[in-house]
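What follows is a short report on a single structure.
The values are calculated or read from the model by the stated rules, or taken from the named source; none is laboratory data. Because the structure is predicted, anything quoted here is derived from the model rather than measured. Here the Cβ positions follow ideal geometry from the backbone for every residue, glycine too, while neighbour counts run over all protein chains shown.
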């Protein structure tokens, strides 16, 4: 067995998937899972599909592990990550707390930061963009689910200087909204409708702009759709100059094991419970726009399988081990 | 009882809803329903929810009625409409055959036209834009479902000269794709995914551009979502100049009985099986974009209740009778 | 305008449908709607589809109305119903508090009763069985949704003395479980699964047995299915003697406006948002069993349109007015 | 690499899953996939989730393989299986053609048999009942999806002589009805309803009775529910004598790797895309009935992963290899 790992916040959807992947990982040893209100229960009682027989512990700061995946809400993660780092535990943090490199931008969107001193040491955990830095990092800020899809969809255009302005219309399954029961996630509220939310103010916006770089301005509108797992971003780009983007994408992703550029619009079925991101490119001849679709499983490549991909990189394992 | 009406093509989704509405209409008398492969069956056997006990007839050209709703596929409608008009029957045509005023544009998108001589006499059946002309018309071209939502969403901006360019990302329930069984409409294909289709080449595009007028260029991308009835268009506008659109929409729709401008994003539940279109306006402060959502029931305001609304106008009835 | 009616507990699913039906009722005047946590909001803000513009009031006991529909949880309804009855208000109670005629049975299944003195005056509000008594009643105990479907499915066999023992396997949409958010009603919990619940101990069981009468023993197992509105009961009967039940059902329901005996298995689409119950009969030749299916909309015939049907009867109106 | 395998009929749902499992199997080599109307396409174009890059061939009888999985419709399978067996190819047949040991029963339910001479050599491929015989078989008749769940749910009671008569109310996702587009599988037909079908005459009935043995009489009623993958059987048993079945099931399945006896009703999520069958037992104290639920993924344990389990047994591999 290799390094020991804990998953903090394993009763949520993302934490449970991370725990399930690590439990059956050929190298890492899933040593602890923690939760708040579900502490004391077995993880496979709360999430039977995980098939993880460990008891959810109450986290009190003293876990002796080599690495941790922190699946806490934004704001709540930072102090725990700081405490883990002080004790030398290497961390993949699923929250937004260390994703933004600019403190002022963080404060604009999220409020005060509980551990600003750590921001500089965190690496944005999108392997397709930052593979080498991740391999050397002790703290990886795992990307949000929408940013994962959106950045992979647009990075080749951005790098080529073709991206000035983009509309991203995103559609997400309900698991992306978390496990906490609310009126908005009640089956009857979601079934047979499509619901835009946080219009013009979703917190994944600055993260997308940071990674696309330069002065790219993003209009990002997420919609809740009546399905459980999966995410599609539909990106509308007016390119800075005329271009055939197909070659760009082929080059960008030819050697990427988890990004598949396909011809037709990509469907969620083919990425469900995988680490794949599927992308397709389309020209709108009449308007000159480029339309890019990207789909992922929001809990896998969008969160937890990407976290394992990052852990693999951080510990010198094969990137796809256990995925 | 008032005028007699036939619904041609009543075995399809749109025809069945039109027949159901006319069957219980307080004024019109639903005299005939026709179908091809289902001829001989009762309509309430094919579509139990319609509760229309009439037998589907094979149409052979000889129906003696005052008016007809023609629910035929594009191309197949034109010759039948021509034949009905020759005999003096007033027609609401649900197909695209008479929606485009420009023959060349029609031919670009649909191919040859079977009755080009009638194009000039058809009125585009969106009452909110053409109420008076509809009231005098003998042939009304009922709008497509996407155009109904998109035009209502954007017309106030277009009329004010603020609309130069727009991205319309549309989401539709599966009934919008028709009743014919195909792999793409199989439950397993649609469930748990969102599928863009006809990217950059959906035939509703020229219809939207025609009605928004001027030189507006539209990027229109429909997506199939896993639900049966309902449609949402998400419209992204970079306005030609800075503007507070709220006042524009209030004025435009203050006296419109079927258009409701609401604050939050509109949901499909509140328009299902109604003739309402619900619209909301949102500013994206960071980019200056205006985002407009509009939702309708694709088979009601998007097709068949709008057809009845048009029939009411054509025969001098109260516009909302029977709706 | 006719009598004034209040709906108490109008923020729940059942109360909102009752309010919507009474708001557009040609005779009754919906005078008040009440709620607890949503008090102060307009009903059409909480339930846009209701289109009821009234403000939800906090109920404090002093409403001056002719009748009330009480949509409170079991146990909470009885004291409020008692208070309303003392002031002479005629009541349709949607809870289970007055459905069981035997106090001991009530206490077995629900615990202590808050107003046992009223039990004797309540009439079980299934018009197809108790129409005349309802017309004379001041307190009607509106049936549960499952009992409505199950009793209508089985009453003709029970009356004919053919029913000794029955298995009822029921499937219900999620609205039947109420509006309160819980893990079990989270979209992700319900989607893509079928979940039996309260196996062998659902509280609708004694109600079904009471109305089927005699010594009928019922095994009743409800299942939650991934849809919002609608209910199907599949009833398996080993008849006491050989019988062709078709004639029994024809006679029983020939003059019932809201019960439709159909040939094929009935679907939820054809009863959705209606007061209809659809029933079909099937023989299993190999085993001699009779299989009866019945479907209703759990919030309409299963609850709120049936409440309006009862109100119509209680006030001498046509039974189907406003439905 | 080990033995070569072909999947005949790989464009259907069951065939595609079998091909996907064999393609990534550590021992077997998936050498050929065949199809009729999709011949010439790559399997991963028809079923992207399979990720099988092989081209679908037209089958003309000459494949040189060690084993074949035949995923043909009932009736069409028998002659092909006969031809394969003549050439020494070992076969797992997914059709019903060789499941019934009694020719007369087969003919009653399916009509004439194309290869009656082979019936005697076929083994019913439910490893939990016939593991040893499967290991020696050259022709395995893979069970139907409903029989897999129903037999596993009831076998311990049947073996103990407690089962005289049973009602099985089954609920299945739409993939169980196959990939061919029909009106009944159109998304709009299935969404928001539950539909009983083939009441009293589903062809899986004799198969269940055969395996439960003795003179057990089964009333079996399948229902289509609005989901894609998964199956639940709800079994209602009046036991021949009083009994605590918990011990029976513990003994029966203690050493079975793929059968999990759980406490609460089992959900489809926890068996999806697995070879597991989950079972729970409940007593209905009031009536003395035993209620047994069993759930499987209809395309995995219900069909194709069970086929691989059988292939593993036939070729002396570990039963769970590649699952």
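Below are the figures for this structure:
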quantity	calculated
Set C:266, C:257: member being surrounded by fewer than 21 Cβ atoms within 10 Å (Cβ to Cβ) and within 14 Å of chain B (Cβ to nearest Cβ)	C:257
Residue match in the stretch C:233-246 (condition: crowded, with 18+ Cβ neighbours inside 10 Å, within 13 Å of chain B (Cβ to nearest Cβ) and farther than 16 Å from residue C:126 by Cβ)	no
Scan of the stretch B:202-214 for residues that are within 12 Å of chain A (Cβ to nearest Cβ) and either surrounded by fewer than 24 Cβ atoms within 10 Å (Cβ to Cβ) or out of contact with any strand residue (DSSP E or B) (no Cβ under 6 Å at 6 or more places or on another chain) (or both), ordered by number	B:202, B:206, B:209
Qualifying residue in the stretch B:21-30 (condition: farther than 19 Å from residue B:273 by Cα and crowded, with 18+ Cβ neighbours inside 10 Å)	yes
Selection count, the stretch C:102-132, where residues are in contact with a strand residue (DSSP E or B) (Cβ under 8 Å, 6 or more places away or on another chain) and closer than 27 Å to residue C:157 by Cα	6
In the stretch D:230-261, the residues that are under 19 Å from the mean Cα position of the chain (by Cα) and assigned to a loop (DSSP other than H, G, I, E, B)	D:230, D:256, D:257, D:258
Those residues of the stretch C:186-201 which are in contact with a helix residue (DSSP H, G or I) (Cβ under 9 Å, 6 or more places away or on another chain) and surrounded by fewer than 20 Cβ atoms within 10 Å (Cβ to Cβ), in sequence order	C:197, C:201
Qualifying positions in the stretch A:151-176 - out of contact with any strand residue (DSSP E or B) (no Cβ under 7 Å at 6 or more places or on another chain) and farther than 23 Å from residue D:192 by Cα	A:151, A:155, A:156, A:158, A:159, A:160, A:161, A:162, A:164
Residue check, residue B:52 assigned to a loop (DSSP other than H, G, I, E, B) and closer than 19 Å to residue B:305 by Cβ	yes
Cross-chain or 6+ apart pairs with Cβ under 6 Å, the stretch B:242-258 first and in contact (Cβ under 8 Å) with a residue 24 or more places away in the chain, then assigned to a helix (DSSP H, G or I) and crowded, with 16+ Cβ neighbours inside 10 Å	B:248/B:156; B:249/B:156; B:252/B:156; B:256/B:128
Selected residue (only one of A:57, A:107 is surrounded by fewer than 22 Cβ atoms within 10 Å (Cβ to Cβ) and touching a residue at least 12 places away in the same chain (Cβ under 8 Å))	A:57
Residue count for the stretch D:146-167, restricted to those that are surrounded by fewer than 24 Cβ atoms within 10 Å (Cβ to Cβ), in contact with a helix residue (DSSP H, G or I) (Cβ under 6 Å, 6 or more places away or on another chain) and assigned to a helix (DSSP H, G or I)	2
Hits in the stretch C:169-185 (condition: at the interface with chain A (Cβ under 7 Å from one of its Cβ atoms) and either buried (at least 23 other Cβ atoms within 10 Å of the Cβ) or closer than 19 Å to residue C:109 by Cβ (or both))	C:174, C:175
Qualifying residue in the stretch C:78-92 (condition: free of Cβ contacts under 8 Å to residues at least 60 places away in the same chain and under 25 Å from residue C:220 (Cα atoms))	no
Lone unmet requirement of (1) in a loop (DSSP other than H, G, I, E, B); (2) in contact (Cβ under 8 Å) with a residue 24 or more places away in the chain; (3) within 25 Å of residue A:234 (Cα to Cα) for residue B:264	(2)
Answer from A:188, A:199 - the residue that is facing another protein chain (nearest Cβ under 8 Å) and assigned to a helix (DSSP H, G or I)	A:188
Long-range neighbours under 6 Å by Cβ, at least six apart or interchain, first residue under 23 Å from residue A:183 (Cα atoms) within the stretch C:160-178, second in a helix (DSSP H, G or I)	C:174/A:187; C:174/A:188; C:174/C:185; C:174/C:190; C:175/A:188; C:175/C:13; C:176/C:145; C:177/C:185
Residue check, residue A:42 within 14 Å of chain D (Cβ to nearest Cβ), surrounded by fewer than 24 Cβ atoms within 10 Å (Cβ to Cβ) and in contact with a helix residue (DSSP H, G or I) (Cβ under 6 Å, 6 or more places away or on another chain)	no
Residue check for residue A:227: surrounded by 24 or more Cβ atoms within 10 Å (Cβ to Cβ), within 13 Å of chain B (Cβ to nearest Cβ), part of a strand (DSSP E or B) and out of contact with any helix residue (DSSP H, G or I) (no Cβ under 6 Å at 6 or more places or on another chain)	no
Residue list for the stretch D:1-32, restricted to those being assigned to a loop (DSSP other than H, G, I, E, B) and over 29 Å from residue B:187 (Cα atoms)	D:1, D:2, D:3, D:25, D:26, D:27, D:28
Scope the stretch C:24-39; condition out of contact with any helix residue (DSSP H, G or I) (no Cβ under 6 Å at 6 or more places or on another chain), modelled with pLDDT of 95 or more, more than 9 Å from residue C:7 (Cβ to Cβ) and more than 14 Å from every other protein chain (Cβ to nearest Cβ); matching residues	C:25, C:27, C:29, C:31, C:39
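Per-residue answers, yes or no, for (1) within 14 Å of chain A (Cβ to nearest Cβ); (2) under 17 Å from the mean Cα position of the chain (by Cα); (3) surrounded by 20 or more Cβ atoms within 10 Å (Cβ to Cβ):
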position	(1), (2), (3)
D:274	yes, yes, no
D:280	yes, no, yes
D:289	no, no, yes
D:299	yes, yes, yes
D:313	no, yes, yes
D:319	no, yes, no
